[in-house]
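Novice: Okay, handing you the structure first.
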């Protein structure tokens, strides 16, 4: 959804910023309160098999858990989605031109930094 939104507002930085802020806020609130998961959990027993299959599809599409996580708040480490807001300045600085071509550097950087973060998360916590 966000990629399609970026395509349609690529020429208007103000619409892009407002839409991205709105998306980030709504998704963070839905994730923190687990409203979609609670709704899907309550709909499942009263629906037909077809509707239940649609519910499972939507559950996967929205990436929600049917079981509510009670007590989750913005300040806890469990909910980190609010940090997507820090990507907005980088998105706004994009000028539509191809970069210098550090393609293979990023092929190495991405897996290395993921393993490093995994190591830090498992060994230091």
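The values are calculated or read from the model by the stated rules, or taken from the named source; none is laboratory data. As the structure is a computational prediction, the values presented were derived from the model and not from experiment. Glycine gets a Cβ as well: all are built from the backbone with ideal geometry, and neighbour counts include every protein chain shown.
Novice: Which members of the stretch 20-37 meet the condition of being crowded, with 17+ Cβ neighbours inside 10 Å, in a helix (DSSP H, G or I) and at pLDDT below 75? Before you say what the answer is, go through the steps one by one.
Specialist: Step one: of the stretch 20-37, the residues crowded, with 17+ Cβ neighbours inside 10 Å are 20, 24, 27-28, 31-32, 34, 36-37.
Restricting the remaining residues to those that are in a helix (DSSP H, G or I) gives 20, 24, 27-28, 31-32, 36-37.
Answer for the stretch 20-37, where residues must be crowded, with 17+ Cβ neighbours inside 10 Å, in a helix (DSSP H, G or I) and at pLDDT below 75: 31, 32, 36, 37.
Novice: List pairs: first in the stretch 86-101 and under 19 Å from residue 14 (Cβ atoms), second outside any loop (DSSP other than H, G, I, E, B), Cβ under 6 Å, 6+ apart or cross-chain?
Specialist: Sorted first by the residue in the stretch 86-101, then by its partner, the pairs are 88/20; 92/13.
Novice: Looking at the stretch 22-50, I want the residues that are farther than 18 Å from residue 86 by Cα and have a partner that is modelled with pLDDT of 75 or more and not in a helix (DSSP H, G or I) with Cβ atoms under 8 Å, at least 6 apart or on another chain. Which pairs are those?
Specialist: Listed pairs, sorted by first residue: none to list.
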